[in-house]
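> Let me give you the structure first, and then I'll get to my questions.
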Ligand SMILES: Cc1cc2nc3c(=O)[nH]c(=O)nc-3n(C[C@H](O)[C@H](O)[C@H](O)COP(=O)(O)OP(=O)(O)OC[C@H]3O[C@@H](n4cnc5c(N)ncnc54)[C@H](O)[C@@H]3O)c2cc1C
């Protein structure tokens with residue numbers, strides 16, 4: 001039997017950020033339980049690594065306004081690289097409705113403190129990225145501090161620092177049941193039992209299964225998402241931002257000597273744990289890639305290098321963070337709906353604040369409480385990729 005003050009279920013980027021923030025705030029005896037023998041086998045190791053503050057709701061923007069400067073100073077803070085590259089996100093508006101939407105979002109983003117988001121005229125776009133087809137583009141929204149990180153590296157840094165601060169991690173340890181005792185929990189695992197007074201669910205796409213163990217109905221469902229890395233390609237600048245074609249959702253960014261291609265396939269809408277890569281996806285993405293960037297018709301792709309992972313979706317596409325009122329001591333850090341890497345630093349700080357002090361000033365975390373679903377008090381994020 002092991003004991004801990006705080007047990008975190010899941011050793012991905014979210015669980016390890018929570019452990020880091022808790023130990024930084026002085027919490028002793030923090031224990032991470034990770035089912036796999038190696039961390040990163042969940043969504044963290046499959047992510048595109050994009051970080052952006054260009055969202056449409058205040059709470060998501062606030063989460064990014066904590067997280068992106070955190071990633072920018074990660075190495076100074078933790079002594080480990082996060083791989084942050086401030087190459088920006090560029091949303092290409094191809095209709096007046098897109099333009100109105102981006103302008104509205106920019107107003108909100110600026111009002112919350114994001115000063116460097118700007119609209120780029122199409123003439124300027126043509127000068128910088130002559131390879132883009134811009135005949136149907138009206139303008140583009142650009143924020144230079146958006147960009148990319150290396151999720152695996154950040155997760156490793158969070159883990160190492162948390163452990164230097166006294167946390168422990170048990171890999172190859174699956175939580176199989178949670179029993180509530182008078183003022184603590186007993187976790188049954190594939191190894192020893194663990195007793196703890198606080199339990200944090202950071203189990204990514206599997207979070208609903210963990211919640212079920214304490215009879216909590218958590219609306220988090222897994223959704224397969226696929227990414228295609230290309231072979232080396234230098235006919236498009238590697239200094240480019242994440243570029244999003246709003247006409248169809250195709251987006252891409254530089255990665256190593258090639259590019260990473262993504263698209264939210266509307267036919268991919270049934271939830272499940274399947275993470276097989278579907279080779280038919282390649283044709284669909286390459287068609288859209290060559291449509292927006294004509295020289296991409298010469299891109300080479302090795303299907304064996306493409307992969308699939310799971311988004312953890314919620315009905316309003318916002319995370320679910322904080323305590324569960326009917327299960328005192330049980331906390332949630334789930335349902336990031338495709339934004340768990342970029343929001344991991346803020347999530348770590350918010351969970352640490354809520355566990356230790358019962359409140360946080362990082363974001364209006366009230367919007368992310370579980371009870372919003374029962375209360376029908378949802379806020380919908382529409383800037384989804
Ligand atoms: C293709 C793809 C692209 C993405 N792109 C982006 C992006 O550009 N930007 C962004 O911010 N986000 C992106 N995401 C989303 C992001 O990867 C996730 O939101 C994030 O990694 C979630 O982190 P996590 O730690 O909560 O989950 P995970 O990394 O999945 O970690 C959860 C851990 O819990 C463990 N676990 C589960 N059940 C148990 C159990 N019973 N006992 C013990 N351990 C257990 C798992 O093994 C896993 O290691 C992308 C995701 C995918 C799939």
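Rule-based calculations on the coordinates, nothing more; no lab input. Since the structure is predicted, the reported quantities are computational estimates derived from the model, not experimental observations. Neighbour counts run over all protein chains shown; Cβ positions are idealised from the backbone, glycine included.
> Reported to two decimal places, what Rg/Rh ratio describes the range 237-297 when computed on Cα atoms with Rh from the Kirkwood expression?
On the way: Rg = 12.6 Å, Rh = 12.8 Å.
Here Rg/Rh amounts to 0.99.
> Additional query: For the chain, set up a Gaussian network in which alpha carbons nearer than 10 Å are linked by springs, and say which option among 135, 364, 150 fluctuates the most.
Result for the chain, Cα springs under 10 Å: 135 fluctuates most.
> In addition: I want the antiparallel fraction of DSSP beta bridges within the chain, as a percent rounded to 5.
Working: 42 of 63 bridges.
Just about 65 percent of them are antiparallel.
> Using Cα atoms only, what is the angle between the long axis of helix 151-164 and the major principal axis of the chain, expressed in degrees (0 to 90) to the nearest 10?
Long axis of 151-164 versus the principal axis of the chain: about 30 degrees.
> Based on the inverse mean of 1/r over its pairs of different Cα atoms, what is the Kirkwood hydrodynamic radius of the range 1-122, in Å? Show your work: numbers first, answer last.
Details: mean 1/r = 0.0581 Å⁻¹.
Result for the range 1-122, one decimal place: 17.2 Å.
> Taking 20 °C and 1.002 mPa s as the conditions, I'd like the Stokes-Einstein D for the range 1-71 in µm²/s, using the Kirkwood hydrodynamic radius from alpha carbon pairs.
On the way: Rh = 14.1 Å.
Stokes-Einstein gives a translational diffusion coefficient of 152 µm²/s.
> For the range 88-150, just say rounded, prolate or oblate: build the C-alpha gyration tensor, square-root its eigenvalues into a ≥ b ≥ c, call rounded for a/c under 1.5, and beyond that prolate if a/b exceeds b/c, oblate if not. Walk me through the numbers on the way to the answer.
On the way: a/c = 2.17, a/b = 1.28, b/c = 1.70.
Here the range 88-150 falls in the oblate category.
> Note down the relative contact order for the chain as a percent, whole number, built from C-alpha pairs under 8 angstrom at least six residues apart. Please list the in-between numbers first.
Values: 868 pairs, mean separation 92.6, N = 385.
In percent, rounded to a whole number, it is 24.
> No solvent, one uniform scatterer per C-alpha: report log10 I(q)/I(0) for the range 200-282 via the Debye equation at q = 0.11, 0.19, 0.25, 0.27 1/Å, two decimals.
-0.46, -0.92, -1.16, -1.25
> State, to one decimal in nm², a quarter of the convex hull surface area for the C-alpha atoms of the range 219-264, i.e. the direction-averaged projected area.
Values: hull surface 17.4 nm².
Result: 4.3 nm².
> Mind telling me which of 319, 240, 300 comes out most flexible in a GNM of the chain, alpha-carbon contacts under 10 Å?
300
> On average, how much area does the Cα convex hull of the range 195-340 cover when viewed from any direction, in nm²? The partial results should precede the final answer.
Values: hull surface 42.6 nm².
Mean projected area for the range 195-340: 10.6 nm², to one decimal.
> Using Cα springs under 10 Å in a Gaussian network model of the chain, which residue among 231, 76, 174 shows the largest mean-square fluctuation?
Top of the fluctuation ranking is 76.
> By count of other Cβ within 10 Å, fewest leading, how are 225, 110 ordered? Don't skip to the end; give the middle numbers.
Working: 225 22, 110 14.
Taking fewest neighbouring Cβ atoms as first place, the list is 110, 225.
> Let me ask something else about it. Would you mind calculating the relative contact order of the range 226-365 from Cα pairs under 8 angstrom and at least 6 residues apart, reporting the percent as a whole number?
Values: 189 pairs, mean separation 27.9, N = 140.
About 20 percent, as a whole number.
> Another one. Can you tell me the mean projection area, over all orientations, of the convex hull of the range 56-105's alpha carbons? Units nm², please. Don't skip to the answer; put the middle values down first.
Details: hull surface 17.0 nm².
Averaging across all directions leaves 4.3 nm² for the Cα convex hull.
> Mind checking the angle between helix 344-357 and the chain's longest principal axis? C-alpha axes, 0 to 90 degrees, to the nearest 10.
That helix lies at roughly 30 degrees to the long axis.
> How fast does the chain diffuse by Stokes-Einstein, in µm²/s, taking the Kirkwood radius from C-alpha pairs at 10 °C and 1.306 mPa s?
Values: Rh = 21.3 Å.
Roughly 74 µm²/s, to the nearest whole number.
> Would you mind ranking 295, 143 by Cβ crowding within 10 Å, fewest neighbours first?
The most exposed by this proxy come first: 295, 143.
> Pairing the Cα long axis of helix 13-24 with the longest principal axis of the chain, what angle in degrees results, from 0 to 90 and rounded to the nearest 10?
60 degrees
> Would you mind listing how long the range 325-385 runs along its three principal axes, going by Cα atoms, in whole Å with the largest first?
If we take the Cα atoms of the range 325-385, the spans are 33, 28, 18 Å.
> Over the Cα atoms of the range 120-225, what radius of gyration and what Dmax do you get, in Å?
Every Cα atom of the range 120-225 included, Rg and Dmax give 22.9, 67 Å.
> Given an 8 Å cut-off on Cα distances and at least 6 residues of separation, report the relative contact order of the range 307-385 as a percent.
Working: 94 pairs, mean separation 27.1, N = 79.
For the range 307-385, the relative contact order is 34 percent.
> Okay, next question. How big is the range 270-338 by Rg and Dmax over its Cα atoms, in Å?
18.6, 57
> Now, a different point. To the nearest 500 deg cm²/dmol, what mean residue ellipticity at 222 nm is calculated for the chain from DSSP H runs of n ≥ 4 alone, each contributing -39,500 (n - 2.57), summed and divided by the residues? Write down the numbers at each step before the final one.
Working: 9 runs with 102 residues, N = 385.
Mean residue ellipticity at 222 nm (helix-derived): -8000 deg cm²/dmol.
> What is the packing order of peptides 40-53, 367-380, 20-33, taking the mean over residues of other C-beta atoms within 10 Å and listing the highest first?
On the way: 40-53: 23.0, 367-380: 14.7, 20-33: 21.0.
Sorting 40-53, 367-380, 20-33 by mean packing, highest first, produces 40-53, 20-33, 367-380.
> Sticking with this one: Full-extension gain between residue 176 and residue 280, please, as 0.36 nm times their residue separation minus the C-alpha to C-alpha distance.
On the way: separation 104, 0.36 × 104 = 37.44 nm, distance 3.61 nm.
Gain on extension, residue 176 to residue 280, equals 33.8 nm.
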